[in-house]
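**Student:** Take a look at this one; I'll ask things after.
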Amino acid sequence: AQTVTQSQPEMSVQEAETVTLSCTYDTSESDYYLFWYKQPPSRQMILVIRQEAYKQQNATENRFSVNFQKAAKSFSLKISDSQLGDAAMYFCAYRSFYSGGGADGLTFGKGTHLIIQP
Amino acid sequence: KAGVTQTPRYLIKTRGQQVTLSCSPISGHRSVSWYQQTPGQGLQFLFEYFSETQRNKGNFPGRFSGRQFSNSRSEMNVSTLELGDSALYLCASSLDGNTIYFGEGSWLTVV
């Protein structure tokens, strides 16, 4: 079974600065998807960014980018120019490429609580 | 375009009762999945449906069940509720099975 580890329970950053959230995962599969989700106090899970394992290029969405290191099984999220609205829990998640074969949906890490200091 | 809609948003049930939660996916999405979120266990996958068929199932007891209708709407049912079933239940939908969008969740409190 796959596991996802987020080693930083909480991170704090000054508004307008850059912060990087860490995520490592363990899998024996070669094809899979990785995600970062944001969960604000409203508790709705919001998709931030998605990465396909077969793509070498790191995904980018506006101020959000990832550093995907497949050999190291590492998938960190960089948030540039942090804004107050970025404050939330951030979850790293894994999904097998081959869905429908009894795979276990999304596997989530425990989350990182991101605090933005004004 | 409307997002994933879950009803009810909040509910309180008594131990031993059963509960049914409903989820309407994003229009055109045929895959619906359910997750349970608790402070202790975090986010855990319950099950996934695609075109009315259960495609994947997480490690939950048989008290947890679900179904999907021909219009892709889904329900999950928990029978013989236990205190430990108190949680946020999140429904998600997907067009391709791999980019997954979540609803706002249903808060279940078991007393």
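The values are calculated or read from the model by the stated rules, or taken from the named source; none is laboratory data. Because the structure is a prediction, the values reported are computed rather than measured. Here the Cβ is made from the backbone with ideal geometry for all residues, glycine too, and neighbour counts use every protein chain on show. Note: accessible area is taken over every heavy atom of the protein model, side chains too, but ligands, DNA and RNA are not part of it. Shrake-Rupley method; radii C 1.70, N 1.55, O 1.52, S 1.80 Å.
**Student:** At a probe radius of 1.4 Å, what is the per-residue accessible area of A:Lys55, in Å² to the nearest 10?
**Tutor:** Only protein atoms counted, so the area is about 90 Å².
**Student:** Let me ask something additional. Taking just the C-alpha trace of the protein assembly as shown, give me its Rg and Dmax in Å.
**Tutor:** 17.5, 51
**Student:** Sticking with this structure for a sec: Want the number for A:Lys70 to A:Tyr54: 0.36 nm per residue separation, take away the alpha-carbon distance, what's left?
**Tutor:** Gain on extension, A:Lys70 to A:Tyr54, equals 4.9 nm.
**Student:** Same structure, new question: Just going by the charge dipole of chain B, with Lys and Arg at +1 and Asp and Glu at -1 on Cβ, which of B:Phe45, B:Thr99, B:Pro8 is farthest out on the positive end?
**Tutor:** Positive-end residue among those listed: B:Pro8.
**Student:** So, one more: Which net charge results when you count Lys and Arg as +1 and Asp and Glu as -1 among the other residues whose beta-carbon is under 12 Å from that of B:Asp85?
**Tutor:** After counting each charged neighbour, the total is +2.
**Student:** For chain B, what size does the Cα cloud have along each of its three principal axes, sorted from largest down, in whole Å?
**Tutor:** Result, largest extent first: 37, 25, 25 Å.
**Student:** With the other protein chains left in place, how much accessible area per residue, in square angstrom, belongs to chain A at a 1.4 angstrom probe?
**Tutor:** I get 48 Å² per residue for this part.
**Student:** Hey, what's the per residue convex hull volume over the C-alpha atoms of region B:37-80, in cubic angstrom?
**Tutor:** 81
**Student:** On to the next question. Just need the relative contact order of region A:1-55 here, percent rounded to a whole number, with Cα pairs under 8 Å and 6+ apart.
**Tutor:** Relative contact order, region A:1-55: 30 percent.
**Student:** Something else about it: Please turn the phi angles of region A:78-90 into ³J(HN,Hα) values with the Karplus equation 6.51 cos²θ - 1.76 cosθ + 1.60 (θ = phi - 60°), one per residue in order, whole Hz, x for glycine and proline.
**Tutor:** Calculated HN-Hα couplings, in order: 10, 10, 9, 6, 3, 10, 4, x, 7, 4, 4, 8, 10 Hz.
**Student:** Further question on the same structure: Given R₀ = 35 Å, what would the calculated FRET efficiency be for B:Val111 paired with B:Thr53, taking r from the Cβ atoms and rounding to 0.05?
**Tutor:** That pair, B:Val111 with B:Thr53, gives E of 0.50.
**Student:** For the interface of chains A and B, what total accessible area is buried with a 1.4 Å probe, rounded to the nearest 100 Å²?
**Tutor:** Buried area (both sides, nearest 100 Å²): 1900 Å².
**Student:** Something else: Find how much the distance from A:Ser42 to A:Thr18 grows on full extension, using 0.36 nm per residue of separation minus their present alpha carbon separation; answer in nm with one decimal.
**Tutor:** 6.2 nm
**Student:** Another question about this same structure. Suppose we look only past 22 Å in the calculated P(r) of chain A. What percent of the Cα-Cα pairs does that tail hold?
**Tutor:** 30
**Student:** If you don't mind, there's one more thing I want to ask. List the chymotrypsin sites (Phe, Trp or Tyr not before Pro) within region B:29-93 that fall in a DSSP loop (any state other than H, G, I, E or B) and whose Cβ has at most 15 other Cβ atoms within 10 Å.
**Tutor:** B:Phe69
**Student:** Then there's this: Quick check: at a probe of 1.4 Å, how many percent of the accessible area of the protein assembly as shown sits on carbon and sulfur atoms?
**Tutor:** 48
**Student:** Convert each backbone phi in region B:94-111 into a coupling constant with the Karplus relation 6.51 cos²θ - 1.76 cosθ + 1.60 (shift: θ = phi - 60°), then list the ³J(HN,Hα) values in order as whole Hz, x for Gly and Pro.
**Tutor:** 8, 7, 10, x, 10, 10, 10, 10, 9, x, 7, x, 10, 8, 10, 10, 10, 10
**Student:** Given the protein chains as shown and a 1.4 Å probe, how many square angstrom of A:Ser65 are accessible, to the nearest 10?
**Tutor:** We get 30 Å² for A:Ser65.
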